[in-house]
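Quick notes on the structure that follows.
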Amino acid sequence: MMPIDRATLMAILVVALAPRAVEAQIYVSRDASGTLVLSDQRIDAPIAVYAVEGAPAIRTTRPRAANASRFESIVQQHASRQALRPELVRAVIQVESGYNPRATSPKGAMGLMQLMPQTARELGVRDPYDPEENIRGGTRYLRQLLDKYRGNEDLALAAYNAGPGAVDRHGEKVPPYRETKDYVRKVGSAAGKSSAVVQAGGRRVIYKWIEVKDGVASPKYSDRLPPKGTTYEVVGGSKPVTY
């Protein structure tokens, strides 16, 4: 098998992670001039194609999210604040909205991280179409779901897509809904594997502690032990300890 270069891989990801609730089938075609065309649908009628940066012989039927770099500082800020992997946050945004801050789903989910109206209100998000507010709320919600499911990213993502009630009704397993299973697979594939410590049973270890700064006590989360002398707990696990 020929190795896949980075440009081709990025092109494949562009079409595979398009924000559509369908099975990620990739169609590969080559025209007479040698141009490779990658698509998430059969090309049975004329369709626009887009160049892939660094790969002049490759085209895709989905444009790469040009907005991604605009929001990177916000992603980094709130991922750090909630002790989330930036890769996970980026993957959720890509799959949910394709980095379109004005995206609205048929069910009413809004903005970059597709917050439902009730969820946005509970998270204190006044304007879900404001990128900073949306990412702040979406990352906080992801953190809540990861805490609820003891660091299990698959369950947190399933709950983000189908709701915690659906995950709980199925015995804290990914619900057998095609859309939800595809969603977990797509986001997980884009985000890659977590570097967090994994205990027996597959549970990722997330530490929680309190940091006091400028008269405000804030919860902190990480997959690394906090500084010496800090009282911490393992999310979903141990009682508070000091080391």
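Some observations on this one:
- Enumeration of residues in the stretch 206-243 that are surrounded by 15 or more Cβ atoms within 10 Å (Cβ to Cβ), in a loop (DSSP other than H, G, I, E, B) and either at pLDDT 75 or above or among the aliphatic types (A, V, I, L, M) (or both): Ile206, Pro226, Thr230, Val235
- Within the option set Ser80, Ser39, being modelled with pLDDT of 75 or more and outside the structural domain of Gly108 (by TED's automatic domain parsing) holds for one residue only, Ser39.
- Listed by first and then second residue, the pairs linking a residue in the stretch 94-113 that is without any contact (Cβ under 8 Å) to a residue 60 or more places away in the chain to a residue that is among the aromatic types (Phe, Trp, Tyr) and in a loop (DSSP other than H, G, I, E, B), with Cβ atoms under 8 Å apart and 6 or more places separating them unless they lie on different chains, are Pro101/Tyr129; Arg102/Tyr129; Met110/Tyr129; Gly111/Tyr129; Leu112/Tyr99.
- If the condition is being buried (at least 21 other Cβ atoms within 10 Å of the Cβ) and at positive phi, then the stretch 137-164 contributes only Gly151.
One line per residue, one yes/no per condition, for (1) touching a Leu at 6+ places or on another chain (Cβ under 8 Å); (2) in the same structural domain as Glu87 (by TED's automatic domain parsing); (3) under 25 Å from Glu233 (Cα atoms):
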position: Gln114; (1), (2), (3): no, yes, no
position: Pro117; (1), (2), (3): no, yes, no
position: Arg126; (1), (2), (3): no, yes, no
position: Gly138; (1), (2), (3): yes, yes, yes
position: Arg143; (1), (2), (3): yes, yes, yes
position: Asp147; (1), (2), (3): no, yes, yes
position: Gly151; (1), (2), (3): no, yes, yes
position: Ala159; (1), (2), (3): yes, yes, yes
position: Glu179; (1), (2), (3): no, yes, no
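- Residue satisfying all of: in the stretch 114-130; in contact (Cβ under 8 Å) with a residue 12 or more places away in the chain and polar (S, T, N, Q); nearest to Thr180 (Cα to Cα) among these: Gln114
- Counting the residues of the stretch 121-136 that are part of a helix (DSSP H, G or I), among the basic types (Lys, Arg) and surrounded by fewer than 19 Cβ atoms within 10 Å (Cβ to Cβ) gives 1.
- Condition check for Glu172 on (1) surrounded by 21 or more Cβ atoms within 10 Å (Cβ to Cβ); (2) part of a loop (DSSP other than H, G, I, E, B); (3) in contact with a Phe, Trp or Tyr (Cβ under 8 Å, 6 or more places away or on another chain): one failure, at (1).
Rundown of residues vs (1) at pLDDT 90 or above; (2) outside any loop (DSSP other than H, G, I, E, B); (3) polar (S, T, N, Q); (4) more than 30 Å from Glu211 (Cβ to Cβ), yes/no style:
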residue	(1), (2), (3), (4)
Leu9	no, yes, no, yes
Ile12	no, yes, no, yes
Ala66	no, no, no, yes
Val75	yes, yes, no, no
Leu88	yes, yes, no, no
Thr119	yes, yes, yes, no
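- Search result, residues across the stretch 31-42 that are under 18 Å from Ala57 (Cα atoms), in a loop (DSSP other than H, G, I, E, B), touching a strand residue (DSSP E or B) at 6+ places or on another chain (Cβ under 8 Å) and not acidic (Asp, Glu): Gly34, Thr35
- Restricting the stretch 175-184 to residues that are buried (at least 17 other Cβ atoms within 10 Å of the Cβ) and touching a residue at least 60 places away in the same chain (Cβ under 8 Å), the residue that is nearest to the chain's Cα centre (by Cα) is Tyr183.
The values are calculated or read from the model by the stated rules, or taken from the named source; none is laboratory data. This structure is a prediction, so every number in the text was calculated from the model and none was measured. FYI the Cβ positions are ideal-geometry reconstructions off the backbone, even for glycines, and counts take in every protein chain you see.
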